[in-house]
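The values are calculated or read from the model by the stated rules, or taken from the named source; none is laboratory data. Here the structure is a predicted model, which is why all the values come from computation and not from measurement. So basically every Cβ, Gly included, is an ideal-geometry build from the backbone, and we count neighbours across all protein chains shown. Areas reflect the complete protein model, heavy atoms only, side chains present, ligands, DNA and RNA absent. Shrake-Rupley method; radii C 1.70, N 1.55, O 1.52, S 1.80 Å.
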Amino acid sequence: MERCLNFIDGAWVEPQSQKYAENINPATGESLGVVALSTAEDVDAAVQAAVKAQSTWRLVPAPQRAEVLYKVGALLKAKKEELARILTMEMGKVIEEARGEVQEAIDMAFYMAGEGRRLFGQTTPSELPNKMAMSVRAPIGVVGIITPWNFPIAIASWKSLPAIVAGNTVVWKPATETPFMAREFVKIYAEAGLPKGVINLVCGSGSVVGEAMVAHPDIQVISFTGSNDVGRSIASKAGSQLKRVSLEMGGKNAVVVMDDANLELAVDAILWGAYGTSGQRCTATSRVIVHRKVKEELEQRLLEKIETLTIGNGLDETVKVGPIINKSSLVKVHDYVEIGRSEGAKLLAGGTIVENPPLAGGSGAGNAKEASGHYYAPTVFTDAAIEMRIAQEEIFGPVVTIIPVDSFEEAIAANNSVRYGLSSSIFTQDVNRVFTAMRDLDTGIVYVNAGTTGAEIHLPFGGSKGTGNGHRDSGQAALDVFTEWKTVYVDYSGTLQRAQIDVEHQ
Ligand code: UN1
């Protein structure tokens, strides 16, 4: 029986509760093994180890800390295929996307390793003679990271790598749906030579382990990706302790298609953004805001392309749409389809749970056991109004809602009408509209003539409004989450120089 235990102070240990949950393959319904269900005592043990390790890790020169990250990158690269297969079995995304996700972690490892020789601050002249001034990034202490199942290694890499290169230590709670990816990542950190206690893994539920992390006085930062409700609760609880919190809480992302758009390109982008990862991305295309002049042609082309999508076990290279993570998510997706129907939107395609996915050609998939996986047909609603729930709420499944508009201005307003602000996209050939959209689309990420997914790791990832709280994952911006600015003045005048006062007498 495969088990994912906790990793505390450099050792794999059982949870003090001795309790475990099943880790289910969403493509087959089969158990892959079990994951520890830890308690607050396990969190405390991990935090103690992290506090102890931080007292020495912070003193290791950053370029030397980065050497470990280069090894992490090399190991991730060497194990890319093995990791991708585990990812597909545990999370369900198709193998091609799983490889892409592991690549995202590889890229992040090398990028953050480079930060070991940067971690730039500023030097600037002092207003007084024989004095210098600078700002440096200092580690904060122990960082708590709470990661989701939909990108179990990429998002963990966005958070853990910058935290570690900056001299912090980490307590990590992965999603209970994807513990084996967490285990593999931690094994790689250990194999790369990360000292014990620098990364600690505590598996279990958000309501027990996550809560204990948020409440723990020796965790100084919480970095969380997940639902808006949980994020709000973390922010309010952590706020009373003045604990820094970085939140990424989903989206309701739209592709805007104007009447002059390259429709073939727009349709390909919608297909990939809406049905890739079965719509289970924060950045998934959940709405299409289309100019009425091209609506019918766009719908026609989209329906034709949907016909070509194969649903099934993501280990099969020919499958394009894998399973939904679990039964309750499947039910939630289907409930939204019922809501869409009752709100009066027109169902153009899908809207059904797929009990027996058609057998895809090739190897591996399509065995009888697939019937117990959780699959949903790629779904399209059209003629939706912006106030409908299917046009406002995050569904996290392969459902796209088409909203017709009559003008560019109406399209921008429709995009901005939701509580979320992660990603948006516009297809047009008009340079004036492009720049206006870049300014007026109110999301943290804007794509021009590209779909809503596909963020690159060296740029900030996150969003406005209900998506976030002003922080960003990945890119240079990630360092702001995991470092404290320290401003240093060095006076070598040998006299007491008073800033703002003596300056007038120079
Ligand atoms: C997520 O869905 O939470 O931009 C992350 C993208 C990926 C990351 C998605 N690089 O779609």
Subset of the range 286-312 [in contact (Cβ under 8 Å) with a residue 24 or more places away in the chain and closer than 11 Å to VAL267 by Cβ]: VAL288, VAL290, VAL294, GLU297, LEU298, GLU299, ARG301, LEU302, LEU303, LYS305, ILE306
Which residue is farthest from the ligand (Cβ to nearest atom), if the candidates are limited to the range 101-118 and must be open to solvent by 10 Å² or more (accessible area, probe 1.4 Å) and within 23 Å of the chain's Cα centre (by Cα)? GLY114
For the list (1) touching a strand residue (DSSP E or B) at 6+ places or on another chain (Cβ under 8 Å); (2) open to solvent by 10 Å² or more (accessible area, probe 1.4 Å), I need the number of the one condition that LEU242 fails. (1)
It is to be established whether one or more residues within the range 288-309 are open to solvent by less than 30 Å² (accessible area, probe 1.4 Å) and either within 16 Å of the ligand (Cβ to nearest atom) or over 19 Å from THR382 (Cβ atoms) (or both). no
Matching residues in the range 110-120 (part of a loop (DSSP other than H, G, I, E, B) and either within 18 Å of VAL481 (Cβ to Cβ) or not assigned by TED's automatic domain parsing to the domain that holds ALA166 (or both)) number 4
Just one listed residue, out of GLY314, GLY273, is farther than 25 Å from VAL418 by Cβ, outside the structural domain of GLY92 (by TED's automatic domain parsing) and buried (at least 24 other Cβ atoms within 10 Å of the Cβ), and it is GLY314
Of the residues ALA50, ALA62, ALA98, only one is within 16 Å of the ligand (Cβ to nearest atom), of a type in the set (A, V, I, L, M) and in the same structural domain as VAL34 (by TED's automatic domain parsing); which? ALA98
When ALA192 is evaluated against the numbered criteria (1) within 16 Å of the ligand (Cβ to nearest atom); (2) out of contact with any strand residue (DSSP E or B) (no Cβ under 8 Å at 6 or more places or on another chain), which criterion, by number, is the only one it fails? (1)
Counting residues that are open to solvent by less than 30 Å² (accessible area, probe 1.4 Å), which strands (runs of 3 or more DSSP E) fully inside the range 401-506 reach at least 2? 423-427
What pairs can you find where one residue is in the range 90-105 and farther than 13 Å from THR277 by Cα and assigned to a helix (DSSP H, G or I), the other is near the ligand (Cβ under 10 Å from one of its atoms) and of a type outside the set (Gly, Ala, Ser), and their Cβ atoms are less than 8 Å apart, with a gap of 6+ or different chains? GLU104/PHE151; GLU104/ILE457
Taking ALA62 and the conditions (1) over 30 Å from ILE324 (Cα atoms); (2) crowded, with 20+ Cβ neighbours inside 10 Å, which numbered condition does it fall short on, given that it satisfies the others? (2)
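Condition check ((1) of a type in the set (Gly, Ala, Ser); (2) in contact with a helix residue (DSSP H, G or I) (Cβ under 8 Å, 6 or more places away or on another chain); (3) open to solvent by less than 50 Å² (accessible area, probe 1.4 Å)) across all residues:
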residue	(1), (2), (3)
LYS19	no, no, no
ILE24	no, no, no
GLU30	no, yes, no
LEU37	no, yes, no
ALA45	yes, no, yes
ALA49	yes, no, yes
Scanning the range 457-491 for residues that are of a type in the set (D, E, K, R) and in contact (Cβ under 8 Å) with a residue 12 or more places away in the chain, which turns out nearest to the ligand (Cβ to nearest atom)? ASP473
Cβ-Cβ under 6 Å, sequence separation 6+ or interchain: first residue in the range 390-406 and among the hydroxyl-bearing types (Ser, Thr, Tyr), partner assigned to a loop (DSSP other than H, G, I, E, B). Which pairs? THR401/ALA384
I need the full set of residues from the range 327-339 which are crowded, with 17+ Cβ neighbours inside 10 Å and out of contact with any Ser or Thr (no Cβ under 7 Å at 6 or more places or on another chain), in order please. SER329, LEU330, VAL333, HIS334, TYR336
Scanning the range 245-270 for residues that are assigned to a helix (DSSP H, G or I) and either surrounded by fewer than 24 Cβ atoms within 10 Å (Cβ to Cβ) or within 16 Å of the ligand (Cβ to nearest atom) (or both) gives LEU263, GLU264, LEU265, ASP268, ALA269, ILE270
ALA368 - would you say it is at pLDDT below 95, open to solvent by 70 Å² or more (accessible area, probe 1.4 Å) and of a type outside the set (Lys, Arg)? yes
